[in-house]
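Worksheet for the structure shown next.
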Amino acid sequence: MMKPRVLLVNPPVYDFTAYDFWLKPYGLLEIGGFLRGRAEMKLFDYLDRTRMPETARSTDKWGRGKFFSEEINKPTVFFDIKRRYHRFGLKRELFRKFLAGNGPFDFALVQTVMTYWYPGVKEAIDDIRQISPKTRIILGGVYATLCPSHAESLGADLVIKGIDLSSLCKLIGIEFDTKQPAFWQGYWQLETGVLRLSDGCPFVCTYCSVPMVYQKFTPRLQDKYFQEFELLKSKGVRNIAFYDDALLYQPDKSIVPFLNHITQTGNDINLHTPNALNVRFISPELAKLMVKSNVKTFYLGFESMSAEWQTKTGGKVNREDLANAVNNLFSAGTEPENIFAYIIVGHPDDDIQQVKESMEFAHGLGIKIMLSEYSPVPGTPDGEKCRKFVDFDEPLTHNKTAFAIRTLGEEKIQHLKSFCKELNGKK
Ligand code: SF4
């Protein structure tokens, strides 16, 4: 029997800013893994920097860097935002040529991420429809889950909401082999990879999309991520980022056995934690193990020092938790320049958040600060508070840059950014 021909697509990004902070279309690659040996697959990742022009490829020591981009006209909804708007990713002609040369495909699976990145998804769908009209197109991921009606309007044949893949299995007519590692073979060259040891998070923060996607926290099968780590090693990656939302929760079920396993075999790959670690779980022992296992960068979810704000939004941490975690990381030998505290800006409860004081507090502990602009997530308690600022029927209005400017004003945003820069520059 002929195997179905499946195309995996990670679309380009339309936004004011975008940066390759270890970005990989992991959900899409995982589905590719489930289909391993059962379908003939090709991957087209518009955000694959190894294929971008040399001039756009400067990479920092941890494998991150800028994407190739082209300035484009802003959508009219951003008429008041005085920033340049870009399309990030490989040129459109490359995908069109790829489709013409490699098609036709039976199915195209298209990854979606931020809700306000849908123009890139639409571009990919339009090109597939034009060049390979018989291909059945399937959308999945965060935008498809949070804005299903809008996603359906883009012209796909199937929109998958959440993590239940039964409708996809039925459409493709193949039973998935979920024990397989992700489809990293789709890349001809790979410098960075990502890994997940668990799904979901036990907390329910009022601003976060994770509880909207996963109903509960579930550790993954150890054999699977051990196998996937070996696969990434064999592809020559030098940096791996964990994509877990609660990497340190129930450590004895995932992170501890994983780190023990890789240190036993002499791990020399740099590990990173871009998805905000919960500082409450960074014990002295876990800090030591992480440092010994080559975890190089620590991104800590702090958001605010205000006890009132933290309690109101879910109480995931408090300032004492941050201070203890930083102390444990320092004692384990982490360099201060590799520890970052995330602080949200533009949140609807900005009035009680004490953003500047929170920055000063984190700086006082001797670590760096990263401001993360808030993007309203439809269906979350905090997102719903923002209806007066955003039209949830138009996902472009969720854009984090535009939203922060509209709620706080350009002057305040600039002031906070300068203050952050100044603190990060100070010893
Ligand atoms: S702890 Fe982090 S991942 Fe979990 S709900 Fe809160 S913000 Fe989201």
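Does any residue of region 246-257 turn out to be among the β-branched types (Val, Ile, Thr), assigned by TED's automatic domain parsing to the domain that holds Thr297, closer than 19 Å to Lys296 by Cβ and modelled with pLDDT of 95 or more?
Step one: of region 246-257, the residues among the β-branched types (Val, Ile, Thr) are 255-256.
Then keep just the ones that are assigned by TED's automatic domain parsing to the domain that holds Thr297; that gives 255-256.
In the following step, the residues that additionally are closer than 19 Å to Lys296 by Cβ were identified as 255-256.
If we keep only those that are modelled with pLDDT of 95 or more too, we end up with 255-256.
For region 246-257, residues among the β-branched types (Val, Ile, Thr), assigned by TED's automatic domain parsing to the domain that holds Thr297, closer than 19 Å to Lys296 by Cβ and modelled with pLDDT of 95 or more: present.
Which of the residues spanning region 295-319 are among the aliphatic types (A, V, I, L, M) and surrounded by fewer than 20 Cβ atoms within 10 Å (Cβ to Cβ)? The one that is among the aliphatic types (A, V, I, L, M) and surrounded by fewer than 20 Cβ atoms within 10 Å (Cβ to Cβ): Ala307. Within region 162-206, the set of residues being hydroxyl-bearing (Ser, Thr, Tyr), closer than 28 Å to Ile343 by Cβ and in contact with a strand residue (DSSP E or B) (Cβ under 7 Å, 6 or more places away or on another chain) comprises Thr192, Ser198.
Does Leu286 satisfy the condition of being assigned by TED's automatic domain parsing to the domain that holds Phe403, closer than 18 Å to Asn260 by Cα and assigned to a helix (DSSP H, G or I)? Yes.
Tell me the residue from Asp252, Asp244, Asp268, Asp199 that is in contact (Cβ under 8 Å) with a residue 24 or more places away in the chain and open to solvent by 40 Å² or more (accessible area, probe 1.4 Å), please. Break it down into steps so the answer makes sense when it comes.
Numbers: Asp252 fails: in contact (Cβ under 8 Å) with a residue 24 or more places away in the chain; Asp244 fails: open to solvent by 40 Å² or more (accessible area, probe 1.4 Å); Asp199 fails: open to solvent by 40 Å² or more (accessible area, probe 1.4 Å).
Every option except Asp268 fails the conditions.
Restricted to region 229-258, and to residues that are more than 21 Å from the chain's Cα centre (by Cα) and under 27 Å from Val213 (Cα atoms), which residue is nearest to the ligand (Cβ to nearest atom)? Among residues in region 229-258 that are more than 21 Å from the chain's Cα centre (by Cα) and under 27 Å from Val213 (Cα atoms), the one nearest to the ligand (Cβ to nearest atom) is Gln250.
Within the option set Thr297, Thr313, Thr334, being in contact (Cβ under 8 Å) with a residue 12 or more places away in the chain, more than 17 Å from Phe229 (Cβ to Cβ) and within 12 Å of the ligand (Cβ to nearest atom) holds for one residue only, Thr313. Within the set Glu422, Glu410, the sole residue that is out of contact with any strand residue (DSSP E or B) (no Cβ under 8 Å at 6 or more places or on another chain) and touching a residue at least 40 places away in the same chain (Cβ under 8 Å) turns out to be Glu410.
The condition (being open to solvent by less than 50 Å² (accessible area, probe 1.4 Å) and within 23 Å of Tyr243 (Cα to Cα)) is satisfied by just one residue among Leu154, Leu190, Leu99: Leu190.
Among the listed residues Ile125, Ile163, identify the single one that is free of Cβ contacts under 8 Å to residues at least 40 places away in the same chain, under 22 Å from the mean Cα position of the chain (by Cα) and either surrounded by fewer than 19 Cβ atoms within 10 Å (Cβ to Cβ) or more than 30 Å from Ser304 (Cβ to Cβ) (or both). Steps first, please.
Working: Ile163 fails: free of Cβ contacts under 8 Å to residues at least 40 places away in the same chain.
Sole residue among the options that is free of Cβ contacts under 8 Å to residues at least 40 places away in the same chain, under 22 Å from the mean Cα position of the chain (by Cα) and either surrounded by fewer than 19 Cβ atoms within 10 Å (Cβ to Cβ) or more than 30 Å from Ser304 (Cβ to Cβ) (or both): Ile125.
When you look at Asp391, is it of a type outside the set (S, T, N, Q), out of contact with any Phe, Trp or Tyr (no Cβ under 8 Å at 6 or more places or on another chain) and not in a helix (DSSP H, G or I), yes or no? Spelling it out, Asp391 is indeed of a type outside the set (S, T, N, Q), out of contact with any Phe, Trp or Tyr (no Cβ under 8 Å at 6 or more places or on another chain) and not in a helix (DSSP H, G or I).
Of all residues in region 338-353, those that are modelled with pLDDT of 95 or more and either open to solvent by 30 Å² or more (accessible area, probe 1.4 Å) or more than 18 Å from Lys426 (Cβ to Cβ) (or both) total 4.
In the set (1) under 28 Å from His86 (Cα atoms); (2) open to solvent by 30 Å² or more (accessible area, probe 1.4 Å); (3) at pLDDT 95 or above; (4) under 26 Å from the mean Cα position of the chain (by Cα), Phe389 fails one condition alone, (3).
Tally up the residues in region 52-65 that are surrounded by fewer than 17 Cβ atoms within 10 Å (Cβ to Cβ) and in contact (Cβ under 8 Å) with a residue 40 or more places away in the chain, please.
Keep residues of region 52-65 that are surrounded by fewer than 17 Cβ atoms within 10 Å (Cβ to Cβ), which gives 53-61.
Filter once more, so that each one left must be in contact (Cβ under 8 Å) with a residue 40 or more places away in the chain: 59.
So the answer is 1.
Residues that are surrounded by 23 or more Cβ atoms within 10 Å (Cβ to Cβ) and part of a strand (DSSP E or B) occur at least once in region 78-95.
The values are calculated or read from the model by the stated rules, or taken from the named source; none is laboratory data. Being a predicted model, the structure only gives us computed values, none of them experimental. Here Cβ is always computed from backbone atoms with ideal geometry, including for glycine, and neighbour counts include all displayed protein chains. Ligands, DNA and RNA are stripped out before the accessible areas are found, and what is left, the full protein with its side chains, is counted by its heavy atoms. Shrake-Rupley method; radii C 1.70, N 1.55, O 1.52, S 1.80 Å.
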